[in-house]
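Below: one structure, written as structure tokens.
The values are calculated or read from the model by the stated rules, or taken from the named source; none is laboratory data. Source: prediction; values computed, not measured. Cβ atoms come from the backbone with ideal geometry, glycine included; neighbour counts cover every protein chain shown.
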Amino acid sequence: MGKPTGFLEHNRELPDKRDVKERLKDYKELYKDFDDLKTKDQAARCMDCGIPFCHTGCPLGNIIPEFNDAVYYEDWELAAEILLSTNNFPEFTGRICPAPCEASCVLGINKPPVTIEHIEKSIVEKAFEKGLITPNPPTTRTGKKVAVVGSGPAGLAAAAQLNKAGHSVTVFERAERIGGLLRYGIPDFKMEKWVIDRRLEVMEAEGIEFRTNANVGLNIPIKELNEEYDAIVLCGGSTNPRDLKIPGRNLDGVQFAMDFLSQQNNRVAASKNVLHDHKGADAEKEILAKDKHVVVIGGGDTGSDCVGTSNRHGAKSVTQIELLTKPPQERSEKDPWPNWPMILRTSTSHEEGCERKWSILTKEFIGDDEGNVKALRIVDIKWDIGVSGRPEFVEIPGSERDIPCDLALLAVGFLNGESSKFVDELNIDLDARGNIESTDYQTTNPKVFAAGDVRRGQSLVVWAISEGREAARAVDEFLMGVSTLEAKDDSLMNVG
């Protein structure tokens with residue numbers, strides 16, 4: 001590496017966050033600017049570790065030590081070339097990835113890991129600033145047409161790679177704007193939507209066609225895709241939310257988290273369609289947290305996003321409850337380095353104000369005389385290994401109680417994608433979980449492929465991009481017999 005002693009000389013440092021009182025007044029991104037020389041120092045912390053486990057920690061196989069080295073030498077063009085060789089959208093992952101690469105960083109064994117995510121974001125922003133990212137359409141076209149259904153991170157990655165291979169690509173999106181989860185699920189305070197629009201301008205200039213308000217299976221007949229396109233890539237995401245079917249579920253004020261988040265993203269975008277429909281049970285109703293006791297049910301990232309959004313609405317109180325036990329502060333023997341550690345994570349939203357509770361079971365939504373939720377009946381639970389050998393919980397006697405709740409947000413995950421409408425007409429199979437069944441991204445219909453959450457189940461944005469890239473290579477091989485697109489297994493070699 002450029003500075004073999006850098007990890008001994010520099011401590012981990014990240015950009016400062018805007019003051020909580022200031023950032024709760026808007027939906028702008030949280031972080032202040034960070035000096036390039038400080039980023040150089042952070043890149044210098046990357047060790048000459050022999051075996052870079054960060055490669056395997058990253059679902060995209062990003063070539064991390066090499067781009068860190070380029071940043072240390074302030075060769076931003078080389079850094080961008082290396083990064084973009086494996087990642088189509090580092091401006092997304094540099095903002096919203098949980099950074100499994102950092103969990104696998106060798107330095108992280110006994111010191112804070114390298115700030116890989118920040119360096120990734122710095123590289124791509126510097127590349128845009130210097131005009132290094134410009135439209136680069138293919139010089140020749142293959143004459144093959146590919147339909148990509150869904151414009152989330154998997155669909156965009158598949159479209160970008162297939163267009164790069166010279167195929168004519170059309171992306172179908174049922175919403176009024178392109179972006180899927182990136183557009184409608186990720187709050188602007190984590191990623192402002194100009195970041196998506198900037199990338200879409202490049203993709204359109206490269207020849208990709210985007211069709212919005214195009215709901216395949218409804219206003220776009222599946223037969224049309226079957227007849228007009230040589231291959232179809234299904235990237236519809238995991239869109240069916242897991243429900244909590246307990247007494248009082250139908251009370252006003254019990255909502256799916258994604259409906260709450262997508263509505264707010266539309267407000268920020270000043271969309272005409274503020275009540276964008278994400279297929280939730282109550283998506284037609286406006287959902288606001290102002291002056292309410294908000295309880296977020298579910299301890300994951302979606303729940304955290306609900307916390308940050310509720311605080312910006314001006315909620316009276318925000319409580320987040322989780323069925324599982326409170327994670328430890330440090331790694332346990334069950335998840336040693338370089339595995340992803342199941343540790344307590346406190347997000348920027350939690351820092352803004354939230355009471356967090358673990359090992360809590362929600363038993364009932366309690367309503368008032370007008371049919372509105374007014375409280376949650378909860379009980380403490382204890383987890384143990386049951387007779388089946390799997391974790392089971394029991395209620396703790398005497399711990400049942402009611403807590404105030406004017407708005408309950410269900411953030412307990414997603415079951416699968418809305419794939420059933422494709423099954424008969426496209427002659428594809430679903431697996432036992434209701435996801436699209438595939439072998440090497442190819443479904444039981446040879447011309448139909450699948451990528452992202454609709455295939456693997458609910459997962460990370462970085463996994464969706466990886467899936468889109470790999471599916472594109474499989475489609476290219478299907479259409480042409482061979483593919484020149486990068487494969488993940490080859491990405492660690494031949495870096496110029």
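Summary of values
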{"item": "Flag for Gly371 being free of Cβ contacts under 8 Å to residues at least 12 places away in the same chain, in contact with a strand residue (DSSP E or B) (Cβ under 8 Å, 6 or more places away or on another chain), of a type in the set (Gly, Ala, Ser) and over 30 Å from Asn226 (Cα atoms)", "result": "no"}
{"item": "Helices (runs of 4 or more DSSP H) within segment 110-197 that include 1 or more residues crowded, with 21+ Cβ neighbours inside 10 Å and of a type in the set (Val, Ile, Thr)", "result": "116-129"}
{"item": "Selection count where residues are modelled with pLDDT of 95 or more and surrounded by 14 or more Cβ atoms within 10 Å (Cβ to Cβ), scope segment 226-240", "result": "7"}
{"item": "Boolean, Ile428 is touching a helix residue (DSSP H, G or I) at 6+ places or on another chain (Cβ under 8 Å) and over 24 Å from Leu460 (Cβ atoms)", "result": "yes"}
{"item": "Candidate set: segment 70-98, residues that are without any contact (Cβ under 8 Å) to a residue 40 or more places away in the chain and of a type outside the set (A, V, I, L, M, F, W, C); chosen: the one surrounded by the most Cβ atoms within 10 Å (Cβ to Cβ)", "result": "Pro90"}
{"item": "Segment 379-392 residues that are over 20 Å from Lys363 (Cβ atoms), paired with ones that are exposed (fewer than 13 other Cβ atoms within 10 Å of the Cβ) (beta carbon under 9 Å, 6 or more apart)", "result": "Ile385/Pro391"}
{"item": "Unmet criterion (only one of (1) touching an Asp or Glu at 6+ places or on another chain (Cβ under 9 Å); (2) in the same structural domain as Asn445 (by TED's automatic domain parsing); (3) of a type in the set (D, E, K, R); (4) surrounded by 14 or more Cβ atoms within 10 Å (Cβ to Cβ)) for Lys421", "result": "(1)"}
{"item": "Candidates Asp335, Asp380, Asp424, Asp369 - the one that is of a type outside the set (Phe, Trp, Tyr), more than 24 Å from Arg242 (Cβ to Cβ) and either in contact with a Cys (Cβ under 8 Å, 6 or more places away or on another chain) or not in a loop (DSSP other than H, G, I, E, B) (or both)", "result": "Asp424"}
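Here is a yes/no grid of residues against (1) out of contact with any Gly (no Cβ under 8 Å at 6 or more places or on another chain); (2) assigned to a strand (DSSP E or B); (3) closer than 30 Å to Glu286 by Cα; (4) at pLDDT 95 or above:
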position	(1), (2), (3), (4)
Ala375	yes, yes, yes, yes
Glu392	no, yes, no, no
Pro397	yes, no, no, yes
Leu415	no, yes, yes, no
